[in-house]
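What follows is a single structure, written as structure tokens, with notes after it.
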Amino acid sequence: MSAAAPPTTATTTGTPPTEPEKRSAIRRAIGAGSIGNFVEQFDYGLYGYMAPVLAPAFFPDSDPTTAVLSTYGIIAVACLFRPLGGTLVGRWGDRVGRKKTLLWTIVLMGVTTAMIGALPTYHQIGILAPLLLLLLRVVQGMVSGGEYVGAVAFIVEWAEPNRRGYYASYASNSCFVGILGGAGTAALTSWAFDGPTLDSWGWRVPFLLALPLSLVGIWLRRRIDESPEFVRATEGGTEVVKAPVKEALRTQWRAILAYCGVSVMLAILSYSWVTFYPEYLTGTLGLPRWMALTSNAISVAVLIPLLPLAGMLSDRIGRKPMLVTGAIACVVLVPLAFWVGEGGTFGSAVASQLIYIVPEFFLTGIVTVCTAELFATRTRFSASAIAYNSSFSIFMGITPFVAALLVSSFDTIYAVWVYLAAAAVLALVVVSAFMTETYRSHLGADKFPG
């Protein structure tokens, strides 16, 4: 692929696109790709923040700790199905195209999230309530297993070659905006409804919001063409790989393993922060819930404008230096963040999470762009789905549960840091010894030939 900007719709019809047309096409691609990530993370963040409220609605309230752990456990179990779902969705994405696949994923995510808001409770139907919740989370997990990697591939395949990190940062940002939306909605819901009303039916309202959000996503995704890189690599969709999953495992297994070794660190870092830490601030340190959620929302809001800067920096110096710096920051700065947070005040909660976002700055957008760059175009959706869901998705799901269990077992949050530090050391080894630099690579090529 040349260093020129990717073709837009105009180039495929024989008319050279103008610069405004190129920028408009890329903006539409970013919006279309990012909206699904927003909906997915809005739901995930909302579920994590509302877990203490959901727990007595779907489980016996005789043991609150067990109920909360069970609520987190449903996320963990559902995420175990993401590799299967991601593989199926990824195969579809490599065979019929990114656009068609992403249209269906956002429909299914919106419907399943809204259905959670309509479920009967444990007091109404007994054990069927948590089973139905688990079923919806499993379906949603399977669909989400292909949504994120497909959206990243779509954006990167539209991006100018020397700005892929910058454009991919908006996919990362959409996740944090979704989490921020989930946090803000959870905080607003907790403020708007008194305790009995929130426990009775108020918790349902934010989940129902996913349906109109998904309608917006459908509208955005119908307005954009198929990615030009996919069109070019498959001769307009006529030369697709017949068995993309098999081909990805045969030719790109080294890249898959490299991605897994790096992404586990980010999954533990991010989901210890956005889903577990607010509950720790409330349940262990005694901070009022609205303060815990607000402090978390502030830190997410600070990170959001920084991620495009991280993407731009990685476009200049490469992905590997950013990943190494982020891994070191995980080991050095996260225990400092936890120590500051033990002050038990709103100010200490905010300060601790502002420290926590330093490694997030160096890792989040870079792991995101590597989701696409490490893999060749013709099997990118399948290969990235296998890699992402075999590592990031699983640890994203189990981390809140594991973190809560570690604190309960060892009576210290520093046990969570040890869990993260082990993943960071693994990532340092993988990046230093095995990972190929991708920031100036040809998108269509195999990054680990031979």
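Within the stretch 238-275, how many residues turn out to be under 17 Å from CYS370 (Cβ atoms) and of a type in the set (Phe, Trp, Tyr)?
The number of residues fulfilling the criteria is 2.
Considering each of VAL264, VAL245, VAL241 in turn, give the residue that is buried (at least 18 other Cβ atoms within 10 Å of the Cβ), over 24 Å from the mean Cα position of the chain (by Cα) and either in contact (Cβ under 8 Å) with a residue 40 or more places away in the chain or in a loop (DSSP other than H, G, I, E, B) (or both). Spell out the reasoning first.
Details: VAL264 fails: over 24 Å from the mean Cα position of the chain (by Cα); VAL245 fails: over 24 Å from the mean Cα position of the chain (by Cα).
Among VAL264, VAL245, VAL241, only VAL241 is buried (at least 18 other Cβ atoms within 10 Å of the Cβ), over 24 Å from the mean Cα position of the chain (by Cα) and either in contact (Cβ under 8 Å) with a residue 40 or more places away in the chain or in a loop (DSSP other than H, G, I, E, B) (or both).
I'd like the full set of residues that are under 14 Å from the mean Cα position of the chain (by Cα) and either open to solvent by less than 40 Å² (accessible area, probe 1.4 Å) or charged (D, E, K, R) (or both), limited to the stretch 159-180.
At the first step, the residues of the stretch 159-180 found to be under 14 Å from the mean Cα position of the chain (by Cα) are 168-180.
Scanning the stretch 159-180 gives ALA168, SER169, ALA171, SER172, ASN173, SER174, CYS175, PHE176, GLY178, ILE179.
The rows are residues; the columns are (1) touching a helix residue (DSSP H, G or I) at 6+ places or on another chain (Cβ under 7 Å); (2) under 30 Å from LEU443 (Cβ atoms); (3) polar (S, T, N, Q); (4) at pLDDT 90 or above.
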| site | (1), (2), (3), (4) |
| --- | --- |
| MET50 | yes, no, no, no |
| LEU54 | yes, no, no, no |
| ASP63 | no, no, no, no |
| ARG91 | yes, yes, no, yes |
| GLY141 | yes, yes, no, no |
| ILE155 | yes, yes, no, yes |
| ALA159 | yes, yes, no, no |
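Quick check on THR438: is it of a type outside the set (Asp, Glu), in contact with a Lys or Arg (Cβ under 9 Å, 6 or more places away or on another chain), open to solvent by less than 10 Å² (accessible area, probe 1.4 Å) and touching a residue at least 60 places away in the same chain (Cβ under 8 Å)? So that I can check it myself, show each step before the final result.
Numbers: of a type outside the set (Asp, Glu): yes; in contact with a Lys or Arg (Cβ under 9 Å, 6 or more places away or on another chain): yes; open to solvent by less than 10 Å² (accessible area, probe 1.4 Å): yes; touching a residue at least 60 places away in the same chain (Cβ under 8 Å): yes.
Spelling it out, THR438 is indeed of a type outside the set (Asp, Glu), in contact with a Lys or Arg (Cβ under 9 Å, 6 or more places away or on another chain), open to solvent by less than 10 Å² (accessible area, probe 1.4 Å) and touching a residue at least 60 places away in the same chain (Cβ under 8 Å).
Starting from the stretch 302-329, take each residue that is under 18 Å from LEU354 (Cβ atoms) and list its partners that are acidic (Asp, Glu), counting only C-beta distances under 7 angstrom and pairs at least six apart or across chains.
LEU303/GLU360
Return the residue satisfying two criteria in turn: it lies in the stretch 342-354 and is part of a helix (DSSP H, G or I) and either modelled with pLDDT under 95 or open to solvent by 10 Å² or more (accessible area, probe 1.4 Å) (or both), and of such residues it is nearest to MET312 (Cα to Cα). Working first, answer last.
Initial filter on the stretch 342-354 (part of a helix (DSSP H, G or I)): 346-354.
Retained after the next criterion (residues that are either modelled with pLDDT under 95 or open to solvent by 10 Å² or more (accessible area, probe 1.4 Å) (or both)): 346-348, 350-351, 354.
Values: PHE346: 33, GLY347: 31, SER348: 31, VAL350: 27, ALA351: 26, LEU354: 21 Å.
Restricting to residues being part of a helix (DSSP H, G or I) and either modelled with pLDDT under 95 or open to solvent by 10 Å² or more (accessible area, probe 1.4 Å) (or both), the top hit is LEU354.
Of (1) under 25 Å from GLY150 (Cβ atoms); (2) within 20 Å of the chain's Cα centre (by Cα); (3) modelled with pLDDT of 95 or more, ILE357 satisfies all except one. Which?
(1)
Residue-by-condition table, conditions (1) open to solvent by less than 30 Å² (accessible area, probe 1.4 Å); (2) acidic (Asp, Glu); (3) in contact with a Cys (Cβ under 8 Å, 6 or more places away or on another chain):
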{"site": "ASP43", "(1), (2), (3)": "yes, yes, no"}
{"site": "MET50", "(1), (2), (3)": "yes, no, no"}
{"site": "THR66", "(1), (2), (3)": "no, no, no"}
{"site": "PHE81", "(1), (2), (3)": "no, no, no"}
{"site": "LEU88", "(1), (2), (3)": "no, no, no"}
{"site": "VAL96", "(1), (2), (3)": "no, no, no"}
{"site": "GLY126", "(1), (2), (3)": "yes, no, no"}
{"site": "PRO130", "(1), (2), (3)": "yes, no, no"}
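Has the stretch 143-165 got any residue that is assigned to a helix (DSSP H, G or I) and without any contact (Cβ under 8 Å) to a residue 24 or more places away in the chain? Reasoning before the result, please.
To start, the set of residues in the stretch 143-165 that are assigned to a helix (DSSP H, G or I) comprises 143-158, 161-165.
With without any contact (Cβ under 8 Å) to a residue 24 or more places away in the chain added as a condition, the list becomes none.
There is no residue in the stretch 143-165 that is assigned to a helix (DSSP H, G or I) and without any contact (Cβ under 8 Å) to a residue 24 or more places away in the chain.
Yes or no: the stretch 284-291 includes at least one residue that is touching a Cys at 6+ places or on another chain (Cβ under 9 Å), basic (Lys, Arg) and buried (at least 19 other Cβ atoms within 10 Å of the Cβ).
Initially, the stretch 284-291 is screened for residues touching a Cys at 6+ places or on another chain (Cβ under 9 Å), giving none.
No: the stretch 284-291 contains no residue that is touching a Cys at 6+ places or on another chain (Cβ under 9 Å), basic (Lys, Arg) and buried (at least 19 other Cβ atoms within 10 Å of the Cβ).
Only one of these conditions is not met by LEU131: (1) in contact with a Lys or Arg (Cβ under 8 Å, 6 or more places away or on another chain); (2) assigned to a helix (DSSP H, G or I); (3) more than 30 Å from ARG23 (Cα to Cα). Which number is it?
(1)
The values are calculated or read from the model by the stated rules, or taken from the named source; none is laboratory data. What you see is a predicted model, and the numbers here were worked out from it, not measured in a lab. In this analysis, Cβ positions are derived from the backbone assuming ideal geometry, glycine residues included, and neighbour counts consider all displayed protein chains. The protein model used for the area step is the full one, side chains on, heavy atoms only, and it has no ligands, DNA or RNA in it. Shrake-Rupley method; radii C 1.70, N 1.55, O 1.52, S 1.80 Å.
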